[in-house]
Amino acid sequence: MPASRRFFVMGAVAAPASAATLKPFSVRTSSRVLGANDRIGMAVIGLGANGSGMLRNLLARARDKGDIQVVAVSDIYTKRKERARAAAGLEEKSVHHDYRDLLTRSDIDGVVISTPDHWHAQMAIDAMAAGKDVYLQKPMTLTIDEARQVALASSKFKRVLQVGSQHLSDPRYRKARELIQAGEIGALLWAQATYSRNSIDGEWNYYVDEEGTPANIDWTRWLGSAPKRPFSADRYFRWRKYWDYSGGIATDLFYHRLGPLLFAMGPGFPSRVSATGGIYVQKDREVPDTYATLIEYPGFFINLSASMANAAPNRHFPEVIYGQRGTLTFARDSVVITSEPAFDRKVEESRRGVRTFPTEPVDLVPAHLADLFDAMRSRRQPVLNPEFGCQIMTAIRLGVDSYRDGRLRHFDARTQRVTERAPARPGYEGDGRNRPDGRKARA
């Protein structure tokens, strides 16, 4: 059994003994089988900047295609609820303070969850237990064990779940996958991607709404399972800066980089992960403003980095996949493969030089939602399904943990366990007795 499929049968027993099991708040309600002409009833949980953007995308789909409808929303900030109610033209009874009330409704087929990361797992499990399909914003969850539990819940309750990293619906990565599988760049070796955070939005110092106070924000409910703290507007509006609710750059952004690269190169769990970085510029946070992680897989590795450095003239350096016979890069609506002149004589003429492979342009968020809606009707799993989502989440969270305690992480895909000490590479015993010529060194 491949390690990626073994996840579902071993996940429950592989969870750390100290990990808390997330239980749904209620038993499953009925769910309907969607016909080709049925309108899908959708709801949005979490109405901050991301959730409001998702609401606009859903309303646009409802207006343009008429195959879905937005029937409810939920948030714990009064101002955001009122704004969403007006935008969606909803009655007061369809605006919920407690998301669990929303999940009891029979006119909802799927939910979009756009809350801080520490709420993702519990809400997703509750929704699937209630018979709803789920669009779960990246980074899927806050921890590896939570991702595992979400994936198991999807299987148990037979629910469709799409992780909301829309770049997985970019046709360039599908084309890259086809080219790599066809051997166009030879053996895979490594890949890299970056982010520049040298901007106000990049700093996560988003606007703090002066109207947001304990009088109209349910702070206790917002905290949920996170450590109890006095109300903090900075924590509420800029929660990505704090470990209680986020993994920082890694969880907020690297999902968008690692997911597509891994899709193109071949999904799977990592074997070793390390990370480094620090708070070099912005001293108002707990998470690093500069961060890099090295993720090893059987046969190749991926290097991801983000910083507050000046990135002119390009905000982000492009993603690159390096093969032994060619380098694959991503241009606007195309994939480009460049071979090294020294190797041109070793490959057929059709594979020499610079080759461009065009792809169709798409609007990524609508395309990612369309994949979800098609999956809801066909009952297949979408492109960023729970299993693949857990593989990405595992690599990202191992990097966060490595950064925080300064230790290398080794992951055993067979047992689904993180080991404290990684096994030595083949041919190395670690005692100084190995020699390249096979002879033992003198004691």
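The values are calculated or read from the model by the stated rules, or taken from the named source; none is laboratory data. Everything numeric in this text was worked out from a predicted model, so none of it was measured. With ideal geometry, Cβ positions are generated from the backbone for all residues, glycine too; neighbour counts draw on all protein chains shown.
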Selected residue (only one of 202, 186, 268 is of a type in the set (Gly, Ala, Ser), over 23 Å from the mean Cα position of the chain (by Cα) and assigned to a loop (DSSP other than H, G, I, E, B)): 186
Residues (over 18 Å from residue 82 (Cβ atoms) and surrounded by 16 or more Cβ atoms within 10 Å (Cβ to Cβ)) located in the range 207-242: 219, 223, 226, 235, 238, 239, 240, 241, 242
Residue under evaluation residue 236, criteria (1) within 21 Å of the chain's Cα centre (by Cα); (2) assigned to a helix (DSSP H, G or I); (3) of a type outside the set (Lys, Arg), criterion not met: (1)
All positions within the range 276-310 that are closer than 30 Å to residue 180 by Cα and of a type in the set (D, E, K, R): 296
Those helices (runs of 4 or more DSSP H) lying entirely in the range 54-159 with at least 1 residues within 23 Å of residue 389 (Cβ to Cβ): 99-103, 120-129, 144-156
Any pair with Cβ under 8 angstrom, 6 or more apart, that starts in the range 283-308 at a residue that is in contact (Cβ under 8 Å) with a residue 24 or more places away in the chain and ends at one that is surrounded by 19 or more Cβ atoms within 10 Å (Cβ to Cβ) and among the acidic types (Asp, Glu): 307/289; 308/289
Residue check for residue 294: touching a helix residue (DSSP H, G or I) at 6+ places or on another chain (Cβ under 9 Å), surrounded by 18 or more Cβ atoms within 10 Å (Cβ to Cβ), within 19 Å of residue 168 (Cα to Cα) and at pLDDT 95 or above: no
Candidate set from the range 132-146 (those that are of a type in the set (A, V, I, L, M, F, W, C) and within 19 Å of residue 42 (Cβ to Cβ)); member that is nearest to the chain's Cα centre (by Cα): 136
Which listed residue is outside any helix (DSSP H, G or I), at pLDDT below 95, of a type in the set (A, V, I, L, M) and farther than 23 Å from residue 149 by Cα, from 22, 34: 34
